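Right, one structure below, let's go through it.
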Amino acid sequence: MKKGEETGLKIDQTLTQDATGTMAYLQFEAMGVPKVRTKLSVSYVDHNTLQTGFENADDHRFLQSIAAKYGIWFSPAGNGICHQLHLERFGVPGQTLIGSDSHTPTGGGIGMLAFGAGGLDAACAMAGEPFFITMPKIVKVNLLGRLTPWVSAKDVILELLRMLSVKGGRGKIFEFSGPGVKTLSVPERATITNMGTELGATTSIFPSDEVTKGFLASQGRIKDFAKLAADGADDYDEEIVIDLSSLPPLIAKPHSPDNVSRVSELKNTKVQQVAIGSCTNSSLADMMLIAKILKGRKVNRNVSLVISPGSRQVMTMLAASSALSDMINAGARVLECACGPCIGMGQAPPSGAVSLRTFNRNFEGRSGTKDADVYLCSPEVAVAGALAGEIVDPSKYFGKKPAVAVPKKLAVDKNMFFPPSKTPSKTVVIRGPNIKPLPEFSPLGNNIRAAVVIKLGDNISTDHILPAGAKILPLRSNLPAISEHTFGAVDRNFVKRTKEAGSGAIIAADNYGQGSSREHAALAPRYLGIKTVIAKSFARIHLANLINFGILPLAFKNPADYDALNLSDIINIPDIPGRFSAGATELEATVLDASGDVKKTFPLSYDLTQRQKDILLAGGLLNFIKSGKK
């Protein structure tokens, strides 16, 4: 493995969730493989659990039946959030995992090498294909000391985001080490690796040690434990030192996870909603702490507090103790074990409201309310805000932090995890009317002639490209329908303009495609006729998704050329296969204005492996696989 060069990894495990899984399994079917070739694959239902029409319910039946047929475990709606469940039931230290969800690096909390990826990459891994990535740099994060009371693991990752920004982790793996590691529980480690995704990191990983062993033992899985530690060589590309004992309570202000400040700097900011849960902070330890703080207290009359436990196991143990009733008696609304508000699936804040959330993203409009101000914080800060009705430093608002002791043996119940069928040949895949066939995309061709159909700025997320939420996510199996919402929250004329142009180009600035791994953010533009995205830089997963679906990703060699492009300009890029085969690293673009006059000619760079070039020329990864090339 050489840094900066592509490497293919054998994948042991895969996971999908229902917002991305239906498309991933349609793609897996198209490969004609009779059974998954991984050690373990799991299909979770946790995103689209709000059933306001037939679409989600139909898709859940599809997912269950296709899992049974192809050798995949199935976790139905209500079981919990995929990343929390995978830690509890299936994660194995030292194994590789990819998931069609960007927060799959949560598995790094128990020492897995876990990557978020598009659904097609997950489908390929299930078919036994390698997972290709550019070999990243390795960053050592040396943790010293111990967290003080009312400071949590959430503050550790917020500190890294404050230091590095949402672009600071691109092309890097964060490896956590140092004496502070042993003071962090597995759920705390998982909070940090989960939100490492917001750094743009390839993944994050903790060692597997006695703490990991204790966690697996509590889940009845001691046989899965393996000790895993760095080899002692001090050959890291970068090193960051964080003194845990010096961290204050932190908070990410609207509308980016890296817009971080001290909680104490925001005192007197009134709060209207608090949401606790998500794959970042919904563990038993998080929930028990919240319940202890709420016991005997009442939520502020001006605040709506909603709580989402991360799994059925967590909910069962809360119910078996007084913790659940303590939450309810305090005025909290307890939601089902699912992603819920984090993905915009219910609980949208009021207009112009301040919402404190223990989630991992606060992009504008993601909550379902475009003008809401969403802040990201720890459970401690969130519950303090729910009680006070404003943002307060919990170390100043409360007295002594209550001690929480998580039982050494947890309530393990595997009955709601459904194994694959023992008679797959007799299993019928159930398809609802909302599931449409995969479209066939044509090869790239020799030249691109495309109109500029949208021009965007920095940090455009996949939520900007194709929003989530209860209205749009149910269409995820219906590409013609969901494509009508592309850039709907940014430019309502985008779809009409692109259809009229027939062939389009997207222009963007830095970090295009950050956020979710949803491949629909590449699939829908391709379906509408987008041929190329030209940006100053790209987020890792979205870049891979663009290539997988045959959209040519190009970068401005001279950033100033970005300023010269306008809507309705026509971009001509000739002789693409010839330049690829010649080993060139640039293409030449000629820009015509609306009247057909040449405005400018400028170079566009690309950093593509030969395999990626072949995928693009074929019109996408599925075409490439069907051609028999490797």
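The values are calculated or read from the model by the stated rules, or taken from the named source; none is laboratory data. Please read these numbers as outputs of a predicted model, since none were measured by experiment. Virtual Cβ from ideal backbone geometry, glycine too; neighbours counted across all protein chains shown.
Observations, loosely collected:
- Residue list for the stretch 17-35, filter: of a type in the set (Gly, Ala, Ser) and buried (at least 24 other Cβ atoms within 10 Å of the Cβ): Ala19, Gly21, Ala24
- Positions within the stretch 163-200 being farther than 15 Å from Glu239 by Cβ and among the small types (Gly, Ala, Ser), in sequence order: Ser165, Gly171, Ser185, Ala190, Gly196, Gly200
- Unique match (being touching a helix residue (DSSP H, G or I) at 6+ places or on another chain (Cβ under 8 Å) and either of a type in the set (Phe, Trp, Tyr) or surrounded by fewer than 24 Cβ atoms within 10 Å (Cβ to Cβ) (or both)) among Ala122, Ala127: Ala127
- Residue in the stretch 327-339 that is more than 27 Å from the chain's Cα centre (by Cα) and among the polar types (S, T, N, Q) present: yes
- Looking across the stretch 238-267, the residues that are surrounded by fewer than 20 Cβ atoms within 10 Å (Cβ to Cβ) and touching a Gly at 6+ places or on another chain (Cβ under 6 Å) come down to Asp243, Ser245.
- Elements of the type strands (runs of 3 or more DSSP E) sitting completely within the stretch 1-74 and holding at least 2 residues that are over 20 Å from His103 (Cβ atoms): these cover 6-9.
- Residue in the stretch 278-287 that is surrounded by fewer than 24 Cβ atoms within 10 Å (Cβ to Cβ) and either of a type in the set (Val, Ile, Thr) or over 18 Å from Val354 (Cβ atoms) (or both) present: yes
- Residue count, the stretch 380-424 (criterion: touching a Cys at 6+ places or on another chain (Cβ under 9 Å) and of a type in the set (S, T, N, Q)): 0
- Flag if Gly119 is at pLDDT below 95 and under 18 Å from the mean Cα position of the chain (by Cα): yes
- Of all the residues in the stretch 234-254, those that are part of a strand (DSSP E or B) and more than 21 Å from Val166 (Cα to Cα) number 1.
- When the criteria are applied in full, Val383 fails the requirement of being at pLDDT 95 or above, assigned by TED's automatic domain parsing to the domain that holds Ser483 and surrounded by 23 or more Cβ atoms within 10 Å (Cβ to Cβ).
- Of the residues Ala190, Ala201, the single one that is within 19 Å of the chain's Cα centre (by Cα), within 24 Å of Ala405 (Cβ to Cβ), buried (at least 22 other Cβ atoms within 10 Å of the Cβ) and not β-branched (Val, Ile, Thr) is Ala190.
Here's the yes/no breakdown for (1) closer than 24 Å to Leu85 by Cα; (2) in the same structural domain as Thr104 (by TED's automatic domain parsing); (3) of a type in the set (D, E, K, R); (4) modelled with pLDDT of 95 or more:
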residue	(1), (2), (3), (4)
Gln273	no, no, no, yes
Leu284	yes, no, no, yes
Ala291	yes, no, no, yes
Lys295	no, no, yes, yes
Ser304	no, no, no, yes
Ile307	yes, no, no, yes
Val314	yes, no, no, yes
Asp326	no, no, yes, yes
